[in-house]
Amino acid sequence: MRLKLPILVTLLLASMTASHATTLPPELKAYDFARAYYVEDGGVVIAPQEGFYCTGGVQTPEGIRLMPGQVFIQFDESRLIMEVYKFVSLDPGERRAHFHERRYHYKVVRDAHGKRHVIPQEFIDSDDFYLSHFRLLEWFDFAFPYIEIHPGEQNWRTRP
């Protein structure tokens with residue numbers, strides 16, 4: 001048993017560092033917009049964070065179900081950054097859900113009737129990532145129920 005613990009820790013650390021050099025593992029990217037997610041039934045169910053906006057999803061008891069081709073947006077009001085996510089595809093066997101992300105600065109303006117409109121400004125960057133059906137950190141989903149966690153947020157990506 002003493003030998004198995006170091007091997008388990010090594011495997012966990014290797015899985016977390018085997019991703020793109022400037023980002024965290026793919027499943028941690030979900031925590032920027034979701035408290036939890038589930039890849040199932042031909043789509044992805046997202047339990048959203050604050051600032052989540054989606055018009056095409058279906059409300060379920062677990063969250064909002066999205067199908068490939070649908071788009072949702074995550075707003076960071078404190079820094080005026082919007083992240084636009086497109087659910088691109090789902091692997092056969094529902095093992096991975098692939099996404100494309102675009103990040104923009106934005107501003108909010110009011111029209112003549114006082115209605116607020118979000119206006120995208122300069123493009124910041126884009127990223128492709130996937131969410132996995134089988135994931136190491138599922139226990140992390142509701143570990144901190146009153147704190148929003150955004151582990152994928154990288155301040156250097158958002159500077160104008």
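The values are calculated or read from the model by the stated rules, or taken from the named source; none is laboratory data. Please read all numbers here as calculations on a predicted model, not as lab measurements. When we count neighbours, we look across all protein chains shown, and the Cβ atoms used for this are built from the backbone with ideal geometry, even at glycine. Side chains are part of the model used for accessible areas, which takes the heavy atoms of the whole protein and leaves out ligands, DNA and RNA. Shrake-Rupley method; radii C 1.70, N 1.55, O 1.52, S 1.80 Å.
Observations on the structure shown:
- Under 9 Å, Cβ to Cβ, from Glu83 - net charge with Lys/Arg +1 and Asp/Glu -1: -1
- Low-density loop cleavage sites - GluC sites (Glu not before Pro) in the stretch 35-94, where at most 13 other Cβ are within 10 Å (DSSP): Glu50, Glu62, Glu77
- At the residue level, His117 shows approximately 70 square angstrom of accessible surface with a 1.4 angstrom probe and all protein chains present.
- Kirkwood Rh and Cα Rg combined as Rg over Rh, evaluated for the stretch 46-140: 1.02
- Of the whole protein surface, Lys115 contributes about 130 Å² of accessible area at a 1.4 Å probe radius.
- For Phe52, the residues whose modelled amide H falls within less than 5 Å of its own, excluding neighbours fewer than 5 places apart on the same chain, are Phe75.
- For Leu90, Leu66, Leu80, the ranking by accessible surface with the largest value first comes to Leu80, Leu90, Leu66, using a 1.4 Å probe.
- Computed from backbone phi, the HN-Hα couplings of the stretch 63-74 come to x, 10, 8, 10, 10, x, x, 7, 10, 9, 10, 10 Hz, rounded to whole numbers (Karplus: 6.51 cos²θ - 1.76 cosθ + 1.60, θ = phi - 60°; Gly and Pro given as x).
- Summarising the label geometry, the points placed 7 Å from Cα in the beta-carbon direction at Glu50 and Val109 lie 2.8 nm from one another.
- Length gained on full extension, Asp125 to Ser78: 15.1 nm, using 0.36 nm per residue less the C-alpha separation.
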